[in-house]
Amino acid sequence: VSLTVAVFIATSLDGFIARPDGRIDWLEAANATVPPGEDCGYAAFMASVDCLVMGRNTFEQVLQFAEWPYGDRRVIVLSSRPVSLPAPLRPTVSVSAETPAQLCRRLGAEGLRNIYVDGGKTIQGFLAAGLIDRMTITTLPILLGSGRPLFGALPADLKLTLLTSRSFPFGFVQSTYRLQAGDALPC
Ligand SMILES: NC(=O)c1ccc[n+]([C@@H]2O[C@H](COP(=O)([O-])OP(=O)(O)OC[C@H]3O[C@@H](n4cnc5c(N)ncnc54)[C@H](OP(=O)(O)O)[C@@H]3O)[C@@H](O)[C@H]2O)c1
């Protein structure tokens with residue numbers, strides 16, 4: 001049994017996942033142009049996920065939504081600081097300061113099969129540790145000019161294999177890549 005670590009995220013064409021202050025109004029506006037019934041594969045992806053791992057910044061953004069979107073699904077929030085959890089979330093949400101490697105080891109030992117890693121800095125940490133297996137990136141037809149980047153520095157090049165790519169009539173382009181686990185580790 002092995003753990004698969006996946007990313008499923010939307011970016012601007014210039015590679016940002018949020019504005020500098022964290023706002024995703026541009027993403028919400030683009031989603032509003034998507035026809036009813038089309039979710040660009042999100043529900044199918046989520047159906048495979050045992051646990052979400054997200055950075056504190058993403059967690060705080062999600063808390064602003066009208067409703068907690070993850071239902072009873074297990075969520076781990078990564079932070080080096082205390083995070084206050086609203087009471088209704090305490091049964092399913094926990095906080096951890098583990099490194100990506102420690103967390104993957106623990107969750108793999110628990111028998112989890114698929115985890116979903118979300119948040120720019122958090123994804124960058126997992127990529128730098130060579131721990132992302134699969135990434136689905138949905139590129140939106142917008143340039144933001146500045147913002148919070150999806151990608152950052154790496155200890156070594158990461159070669160990806162393109163598994164699928166599709167474009168939607170409303171202008172989104174979605175590509176799924178496989179990574180070779182362990183690739184980014186310095187030798
Ligand atoms: N476009 C999209 O599809 C999409 C998806 C997700 C999120 N977003 C947006 O992106 C923004 C968040 O991304 P982001 O890059 O700012 O940050 P992020 O990855 O959500 O959060 C970063 C924080 O997570 C904590 N962290 C990450 N790894 C850790 C580790 N191994 N140990 C301890 N703490 C760890 C640290 O918190 P501490 O500083 O507390 O230690 C770090 O500052 C939000 O605005 C969100 O709405 C967009």
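The values are calculated or read from the model by the stated rules, or taken from the named source; none is laboratory data. None of these values were measured; they are calculated from a predicted model. Cβ: placed from backbone, ideal geometry, glycine included. Neighbour counts: every protein chain shown.
Odds and ends about this structure:
- You will find that of Thr58, Thr4, the residue that is closer than 17 Å to Ile123 by Cα, within 12 Å of the ligand (Cβ to nearest atom) and surrounded by 13 or more Cβ atoms within 10 Å (Cβ to Cβ) is Thr58 and no other.
- Residues of the range 7-38 satisfying the condition of being more than 10 Å from the ligand (Cβ to nearest atom) and within 16 Å of the chain's Cα centre (by Cα): Gly15
- The combined condition, being modelled with pLDDT under 95 and either touching a Pro at 6+ places or on another chain (Cβ under 6 Å) or more than 16 Å from the ligand (Cβ to nearest atom) (or both), is fulfilled by Pro155.
- Of the residues making up the range 61-77, those that are farther than 29 Å from Glu110 by Cα and within 11 Å of the ligand (Cβ to nearest atom) are Gln64, Phe65.
- Pairs are defined by a Cβ separation below 6 Å, a sequence spacing of at least 6 or placement on different chains, a first member in the range 136-159 that is in contact (Cβ under 8 Å) with a residue 24 or more places away in the chain, and a second member that is near the ligand (Cβ under 10 Å from one of its atoms) and β-branched (Val, Ile, Thr); the pairs so defined are Thr139/Thr11; Arg148/Ile17; Leu150/Thr11; Leu150/Ile17.
- Once the range 169-187 is narrowed to residues that are in a loop (DSSP other than H, G, I, E, B) and surrounded by 15 or more Cβ atoms within 10 Å (Cβ to Cβ), the residue that is modelled with the highest pLDDT is Phe172.
- For the range 115-130, the tally of residues that are assigned to a loop (DSSP other than H, G, I, E, B) and near the ligand (Cβ under 7 Å from one of its atoms) stands at 1.
- Which numbered condition Ser94 fails, given (1) among the small types (Gly, Ala, Ser); (2) without any contact (Cβ under 8 Å) to a residue 24 or more places away in the chain; (3) away from the ligand (no atom under 14 Å from the Cβ): (3)
- Residues within the range 39-52 that are among the acidic types (Asp, Glu) and either within 12 Å of the ligand (Cβ to nearest atom) or over 18 Å from Leu107 (Cβ atoms) (or both), tallied: 1
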